[in-house]
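Taking it in order: structure first as C-alpha cells, then the write-up.
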Amino acid sequence: MSLKDLNRSLWVFHVNSGSCNGCDIEIVASLTPRYDIERFGMKLVGTPRHADVLLVTGPVTRDMEKKLKRVFEQTPDPKVVMVIGNCGSTGGVFYESYNLAGPVDQVIPVDVYVTGCPPRPEAIIEGVVKAWTKIEKQGEKK
Amino acid sequence: MNPDKVIEKKDRERKPDEPVKKKRKSNSYSLSIGPIHPALKEPIRFDLQIEGEKVVKVDFELSQVHRGIEWIGTRRNPVQILYLAERICGICNICHSTCFCIAVENIANIEVPARAHYLRTIHAELERIHSHILWAGVAAHELGFDSVMHYTWKIREKVLDVMEALTGNRITKGIMMIGGVRRDINEKQVPMVKEALEYYKKGFGKLESIFLKDPVIKSRTVGTGILSRHDGLALCAVGPTARASGIKKDVRQDEPYAAYSDLDVKAITPKDFLGEVKGDVFDRIVVRLLEVKQSIEIIEECLKQMPKGKILHEEKIPKLLAELRNIEGDGIGRLEAPRGEVIHYVKMVGKEAPYSWKVRAPTYNNLLPWGPMLMGEQVADVPIIAASTDPCMSCTNRAVVADGNSEKILDNEAMRRLSVEKTNALKRRLGR
C-alpha cells in the first residue's frame with residue numbers, strides 16, 4: 001500500500017454515543033505507551049473539524065442521535081467512520097432497549113466495524129489501518 | 001446543622017413568597033459545555049452562569065447515556081443480567097455484577113463459599129487499583145500534564161495484565177456468578193499477582209512525588225473545589241469524595257461484605273496523611289492514592305489468608321436457574337465501588353426474570369456536591385473539579401435524573417428531605 005492521497009497522519013475524533021466506558025478506555029489505552037499509536041502521529045483531537053476519522057462508541061441513545069449526525073456533518077471529507085464495540089455495531093446487550101436510535105449504521109454511514117465487548121487495543125489499531133486504506137481508495141476514485 | 005445552607009445563596013435569602021429577582025444580564029454570561037467536548041470523557045451537558053472568570057451558577061443535564069438497562073433487566077434471567085450489569089459501566093464492572101449477586105443471594109439465601117468471598121475481594125481490589133490509577137491519569141490530563149497521564153496509563157497496564165490472566169478479559173471480566181465466582185486463582189498465578197503488587201509499591205513512590213509534591217499540581221488543586229464536611233453530609237456524598245471531606249464512610253468498614261469482615265479495613269481520610277482535612281481537589285487525590293496502597297495491602301492479606309475449597313454454590317447453571325426461578329422476595333446488595341457506595345435492589349416474584357431491578361450508582365450521589373464545589377470557582381478549574389469526584393455517567397444514566405433546571409436540582413424538596421433524614425441518621429451515628 002502506498003500513501004499518495006493522504007500523506008499525513010490520521011487525526012481522530014472520539015464520540016461517545018451512550019457507551020459503557022469500556023471501549024472508551026480501550027481507545028485511550030491504544031494511544032498510551034503500551035500500544036502507543038501516537039508514534040504514527042495519530043492523536044485524539046478536540047473538534048470534529050480537525051478530524052479524518054470518527055470513532056463512535058455506544059449504541060446511540062435517542063438523546064445523542066442528532067448530536068452524532070451533527071458531528072458527522074462537521075467532519076470534513078475525506079472521512080472514515082469507525083464503530084468501536086459490539087453495541088455500536090449491532091446493539092449488543094442493549095439490543096432491545098426502548099431508548100436506542102442505533103446501532104450506529106442506522107444513524108450515519110459506517111466504514112469500519114471493530115467488534116468485541118470491548119475490543120482489545122490491537123483490534124482497534126487494526127481497524128485504524130483498515131480505515132486508512134479506505135481513505136486511500138476514496139482518493140483514487142476521484 | 002441546617003441543610004438549607006447548601007442551597008444556593010440567592011434562594012436562601014429570598015423569602016417564600018417573594019418573586020425571583022431577574023438577573024442583571026449585563027455582566028452574567030451563560031456558558032454551555034458538552035455533551036460532546038474534549039474535556040469530557042462522557043456525554044454530559046454543563047450550563048454555567050459566569051461573571052468574568054467566576055462561576056456563579058451551576059447546572060447540568062444528564063440522560064445522554066440512558067440505555068434503559070433496568071427495564072431490559074426485567075426481561076432476562078438473573079444469570080443473563082450479570083453480563084448486563086457488567087455493561088452498566090466498563091470501568092467498575094466487577095462491583096455492579098457482585099452487587100447484583102449479593103442482592104440475589106440475599107433473596108435466595110444462597111451461602112457463598114469462603115474461598116469465593118476472598119476471590120471476590122481480590123477482584124474488587126484489583127479493580128479499585130485500576131480505577132484509581134486511571135482516574136489519576138484523567139486528572140493529570142485535565143490539569144494539562146499529558147506526560148503524567150501517559151505515565152499513569154502505562155503503569156495501569158500491569159494490573160490489566162493481572163486481571164486478564166485471572167479472568168480472561170481485560171475490561172469486562174465476566175467472572176462473577178450467583179453463589180460464587182467462575183474461576184479460581186491457582187498456585188501458578190499467585191507469584192504473578194505478587195510481582196504486580198511489588199511493581200505498584202515501587203511505582204507508587206513516583207506517583208506520590210508527582211501528585212503530592214509537585215508545586216504546580218499543588219497550586220492548581222489546593223484550595224480548589226472545596227466540599228465542606230457539612231455539605232458532604234447534607235448532599236450524601238459517597239466514596240473518596242466524602243472521605244476527602246473528612247466523612248469516615250466506607251461500606252467495607254461499616255457493613256463488611258465478602259471477606260472484608262476478616263480484614264482490617266479503615267476508611268481513609270486526608271487526616272491520616274496531611275494531618276488536616278480541607279475537602280479540596282488535592283485531598284481527593286491524596287485519598288485515592290492512599291487507597292491504592294490500601295488495596296495492595298488487602299490483596300496481599302487475602303492471598304495469605306485465603307482458605308481452600310469450593311468457589312461456587314452450584315456449578316450447573318441450569319440447576320441454579322431452576323433454583324432462582326422459584327424464589328420470591330426482595331433483596332439489597334451494598335458494596336464499596338471505587339467511586340463510592342453502590343446499591344442494587346432486586347425483587348423476584350417466582351418467575352424467571354426479576355419483577356424489578358434498581359441500581360443506585362455512586363456518581364448519582366456525587367453529582368449534587370458539584371454545586372457547592374464549582375460555585376465561585378474559575379472557569380478554568382471546572383474540568384478538574386468536575387473530574388475530581390471521578391464521575392461516571394454511564395453508571396448514573398440508567399434513569400433520567402435531572403430535568404435541566406438547576407433550581408430544581410438544588411432545591412428539590414424530596415431530595416432535601418432525604419438529605420435531612422440521612423444527615424440526622426449520620427449525626428446520630430457519629431454522635432454529633
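Nothing in this text is a laboratory measurement; each read-out follows from the coordinates by a stated rule. Nothing here was measured: the structure is a model prediction, and the numbers come from that model. Cβ sites come from the backbone with ideal geometry, for glycine too, and all protein chains shown count toward neighbours.
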Taking square-rooted eigenvalues a ≥ b ≥ c of the alpha carbon gyration tensor, is segment B:69-363 rounded, prolate or oblate, where a/c under 1.5 means rounded and, failing that, a/b exceeding b/c means prolate?
prolate
Across the Cα atoms of the protein assembly as shown, what radius of gyration and what greatest pairwise Cα-Cα distance (Dmax) are found, in Å?
23.6, 76
Rg and Dmax of segment B:123-198 over Cα atoms: what are they, in angstrom?
14.2, 45
Evaluate peptide B:62-73: per residue, the Cβ atoms of other protein chains within 10 Å of its Cβ; return the mean as an integer.
6
Chymotrypsin sites (Phe, Trp or Tyr not before Pro) restricted to segment B:68-109 and DSSP loop, no more than 16 other C-beta within 10 Å:
none
Given a Förster distance of 41 angstrom, what is the FRET efficiency for B:Ser32 paired with B:Lys351, based on the Cβ-Cβ distance and rounded to 0.05?
0.35
For the pair B:Tyr83 and A:Gln138, how long in nm is the line joining their label points, each one 7 Å along Cα→Cβ?
3.4 nm
Can you divide the C-alpha Rg of segment A:11-141 by 2.2 N^0.38 Å and report the result to two decimal places?
0.98
Burial order of peptide ranges B:192-203, B:56-67, B:280-291 (average beta-carbon count within 10 Å, highest first):
B:280-291, B:56-67, B:192-203
Value at 222 nm in deg cm²/dmol, rounded to 500, when DSSP H runs of n ≥ 4 in chain A each add -39,500 (n - 2.57)
-10500 deg cm²/dmol
